[in-house]
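Structure, as structure tokens:
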Amino acid sequence: MIKKPINDPERIVDEVIEGLIFASHGRLVQVPGVRAVMRTQIEDGKVALLIGGGSGHEPIYTTFVGPGYADAAACGNIFAAPSPQIIFEATKAIHRGKGVLYVYGNYEGDVMNFDVAAEMAAGEGIEVKYVRTMDDVSLPKGDGRRGIAGSYFQVKIAGAACSLGSSLEEAQRATTRAQQNIRSLSVALRPGSLPETGQPTFTLGEDELEIGMGGHGERGVARRKMMPADQLVDLMMSQLIDDFPLARGDRVALRFAVRPCECPCAVASC
């Protein structure tokens, strides 16, 4: 069993939301009745941006809510998509008359629930468009790629487009262009675990690392023996660059993150 200092596994998501709102000093509030956080001051007449997914990936998604970023985040249970009702209530709460843009990871549960919520919103006269994050280069190119650390860049660009007065279609186009130019690769040093059980989601030897681990602690696509940091970074960057249609003179933003959350891994994203 993996040791974690948790009060109550059944309330861990609620406590994360409560703590985030407390630390925001009035900038954030919980959407009434559901596990979602939203900005307290959302400008009228703007396209609203809603993000979301399973909890346990902090700082994704809850800490990406703020001016120039998302207007709200819908929170699921650990490693589980938020329900259509959560997404729908958050959609209604942040709608300011110009529609709502959804940005979320390309996982089956998220895709299904955000699609259902969009249909519910349409029934209320709220126009919704979406752009999924799918930046994981450990998987073949195409619609099956998972969304991992690239969500940071994609949410930021979507947030900027929405804040600058873009129409819903313009914000979607800008976010789609960002999606097409983001690549990420993760490496796990130990498996993730669920708070309810404390058990690892897979086994990994003390002298091994996992290449291409998913955002929920899934097994990756390859295993290697532990290696020095320089060698590991070279391996990750080689795979990222090989997948990227880069040319001499292109400008690249690079983000490297170590995630000590429910799915511990190191992630390079550009």
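The values are calculated or read from the model by the stated rules, or taken from the named source; none is laboratory data. Keep in mind that what you see is a predicted model, and the values were worked out from it rather than measured. Cβ coordinates were reconstructed from backbone atoms using ideal geometry, including for glycine residues, and neighbour counts include every protein chain displayed. The accessibility values were calculated without ligands, DNA or RNA, using every heavy atom of the protein model including side chains. Shrake-Rupley method; radii C 1.70, N 1.55, O 1.52, S 1.80 Å.
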Over region 159-265, the quotient of the Cα radius of gyration and 2.2 N^0.38 Å is 1.35
Out of TYR61, ASN181, ILE42 - ranked by how far each Cα lies towards the positive end of the dipole of the chain, with unit charges on the beta-carbon of charged residues - the top one is ASN181
Averaged per residue, the 1.4 Å probe accessible area of the chain, protein heavy atoms only, in Å², is roughly 47 Å²
A 1.4 Å probe over the protein heavy atoms gives the chain a carbon and sulfur accessible-area percentage of 53 percent
Sorted list, accessible surface of protein heavy atoms, 1.4 Å probe, largest first, for ASP71, ASP207 is ASP207, ASP71
Projecting the Cα atoms of VAL13, GLY33, ILE211 onto the charge dipole of the chain, where Lys and Arg contribute +1 and Asp and Glu -1 at Cβ, the residue farthest towards the positive end is ILE211
Rounded to one decimal in nm, the spacing of the 7 Å Cα→Cβ label points at PHE244 and LYS4 is 3.2 nm
Restricting to Cα pairs under 8 Å and 6 or more apart, the percent relative contact order of the chain works out to 17 percent
With +1 on the Cβ of every Lys and Arg and -1 on the Cβ of every Asp and Glu, the dipole magnitude of the chain about its Cα centre, in debye rounded to the nearest 20, is 620 debye
Going residue by residue through region 139-156, the Karplus relation 6.51 cos²θ - 1.76 cosθ + 1.60 with θ = phi - 60° gives ³J(HN,Hα) values, rounded to whole Hz and with x marking Gly or Pro, of 10, x, 4, x, 6, x, 5, 7, x, 10, 5, x, 4, 4, 5, 5, 5, 4
Calculating semi-axes √(5λ) of the Cα gyration tensor in Å from this structure picks out, from [x] 43, 21, 15; [y] 34, 26, 14; [z] 30, 23, 15, entry [z]
Treating only Lys and Arg (+1) and Asp and Glu (-1) as charged, each at its beta carbon, one finds that region 79-211 has a dipole about its Cα centre, in Debye to the nearest 20, of 620 debye
If unit charges are put on Cβ atoms (+1 for Lys and Arg, -1 for Asp and Glu) and the dipole of the chain is taken about its Cα centre, the option from GLY159, PHE114, ALA73 lying farthest towards the positive end turns out to be GLY159
Summed over the other residues with a beta carbon less than 11 angstrom from that of PRO82, with K and R at +1 and D and E at -1, the charge totals -1
Counting only protein heavy atoms and leaving out ligands, DNA and RNA, the solvent-accessible surface of THR203 at a 1.4 Å probe, in Å² to the nearest 10, equals 110 Å²
Non-local residues with an amide H under 5 Å from the amide H of THR133, with H modelled 1.01 Å from N and Pro and chain starts lacking one, are TYR104, GLY105, ASN106
Cα-Cα pairs in region 31-120 separated by more than 23 Å, as a whole percent of all pairs, come to 13 percent
About its Cα centre, region 12-162 carries a charge dipole, from +1 on Lys and Arg Cβ atoms and -1 on Asp and Glu Cβ atoms, whose size in debye to the nearest 20 is 400 debye
